[in-house]
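Student: Pasting in a structure now, in structure tokens, and then I'll have a few things to ask.
The values are calculated or read from the model by the stated rules, or taken from the named source; none is laboratory data. This is a predicted model, so every value here is computed, not measured. Virtual Cβ from ideal backbone geometry, glycine too; neighbours counted across all protein chains shown. Surface accessibility is based on the protein's heavy atoms, side chains included, excluding ligands, DNA and RNA. Shrake-Rupley method; radii C 1.70, N 1.55, O 1.52, S 1.80 Å.
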Amino acid sequence: MALLNILEFPDPRLRTKAVPVTDFGPALARLAENMLETMYAAPGVGLAATQVDVHRQLLVLDVSEEKNAPHVLVNPRILAKEGSQTYQEGCLSVPGIFAEVERAEHIRVEAQDVHGASFTLEAGGLLAVCIQHEMDHLIGKLFVDYLSPLKRELVRKKLEKQRRQAASAAPATAAL
Ligand code: NI
């Protein structure tokens, strides 16, 4: 297993539209395992392949307290949506930023597992939020896109400042 590098906003690669998965070989299962490990280590509750610069329709998530209920969704498709809920969302690609986003409260999703077997999943609450958020990543959309252009610009500047501070705090090992 290996930790994967997570792309961060405003990296243009996050805007790539993922293509359907057609190869259900061992490389796909390995990628899903590495994505889960990366997500748990971050830590986060969901990760889309887009975020690790793999532009195929694959996402992983685990919204359980105990971190023992992983879901892997390949080629997910929303069959039905119902109601609405507002949740304070964050994203591993937009670190340290949280904002309220309105999404469907309940969804029914059809997807495949890493072996290509189809299944449907009924989701509500945080699981539904998370699936909708990750599915947005697969079409190149980020939760900050739901904010006004002004707020999105503030997010971009805040992240730039965080990165500058992190860079200046890093030990100067390159000088050795
Ligand atoms: Ni995200």
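Student: Calculate what fraction, in whole %, of the accessible area of region 17-64 sits on carbon and sulfur atoms when a 1.4 Å probe is rolled over the protein chains.
Tutor: 57
Student: Tell me, what ³J(HN,Hα) does each residue in region 97-111 have, in order and in whole Hz, if you take phi through Karplus 6.51 cos²θ - 1.76 cosθ + 1.60 with θ = phi - 60° and put x for Gly and Pro?
Tutor: 10, 9, 7, 6, 10, 9, 9, 5, 7, 10, 9, 10, 10, 10, 8
Student: Hey, another quick one. With a probe of 1.4 Å, find how much accessible area region 12-167 has per residue, and write the answer as a whole number in Å².
Tutor: On the way: 7990 Å² over 156 residues.
It amounts to 51 Å² per residue over region 12-167.
Student: If each DSSP helix of 4+ residues adds -39,500 (n - 2.57) and the sum is divided by the residues in the chain, what number results at 222 nm, nearest 500 deg cm²/dmol?
Tutor: -9500 deg cm²/dmol
Student: What's the extension gain from E65 to E102 if we count 0.36 nm per residue and subtract their Cα-Cα distance? Walk me through the intermediate numbers first.
Tutor: Numbers: separation 37, 0.36 × 37 = 13.32 nm, distance 2.29 nm.
Gain on stretching E65 to E102: 11.0 nm.
Student: Oh, and also: Quick check: from the Cα gyration tensor, does region 1-101 come out rounded (a/c under 1.5), prolate or oblate? Spell out each step's value before the answer.
Tutor: Values: a/c = 1.29, a/b = 1.21, b/c = 1.06.
Since a/c stays below 1.5, the shape of region 1-101 is classed as rounded.
Student: Now, a different point. If you place +1 on the Cβ of every Lys and Arg, -1 on the Cβ of every Asp and Glu, and leave all else neutral, what size is the dipole of the chain about its Cα centre, to the nearest 20 Debye? Before the final figure, lay out the partial values.
Tutor: On the way: 19 positive and 22 negative charges, 165 e Å.
The dipole of the chain has a size of about 800 debye.
Student: Between beta-carbons, use under 14 Å as the cut-off and find the net charge around Q165, counting Lys and Arg +1, Asp and Glu -1.
Tutor: Values: positive: K157, K158, K161, R163, R164; negative: E160.
Taking every other residue near Q165 into account, the sum is +4.
Student: Moving on. Going by the alpha-carbon gyration tensor, a ≥ b ≥ c the square roots of its eigenvalues, is region 40-143 rounded (a/c under 1.5) or, if a/c is not under 1.5, prolate (a/b greater than b/c) versus oblate?
Tutor: Working: a/c = 1.38, a/b = 1.10, b/c = 1.25.
In terms of gyration-tensor shape, rounded.
Student: Moving on. Tally Lys/Arg at +1 and Asp/Glu at -1 over every other residue whose Cβ is under 10 Å from the Cβ of L4; what's the total?
Tutor: Values: positive: none; negative: E37, D53.
Residues near L4 contribute -2 overall.
Student: Over the alpha-carbon set of region 99-161, divide Rg by the Kirkwood Rh and report the Rg/Rh ratio to two decimals. If you can, show how the numbers build up before the last one.
Tutor: Numbers: Rg = 15.0 Å, Rh = 13.6 Å.
Using only Cα positions, Rg/Rh for region 99-161 is 1.10.
Student: Shape call for the chain from the C-alpha gyration tensor, a ≥ b ≥ c root eigenvalues: rounded (a/c under 1.5), prolate (a/b greater than b/c) or oblate? Walk me through the intermediate numbers first.
Tutor: Details: a/c = 1.91, a/b = 1.29, b/c = 1.48.
Cα axes put the chain in the oblate bin.
Student: Under 12 Å from the Cβ of C130, count the other residues' Cβ atoms, weight Lys and Arg +1, Asp and Glu -1, and hand me the total. All intermediate terms of the calculation are to be shown ahead of the outcome.
Tutor: Numbers: positive: R103; negative: D62, E89, E134, D136.
It works out to a net charge of -3.
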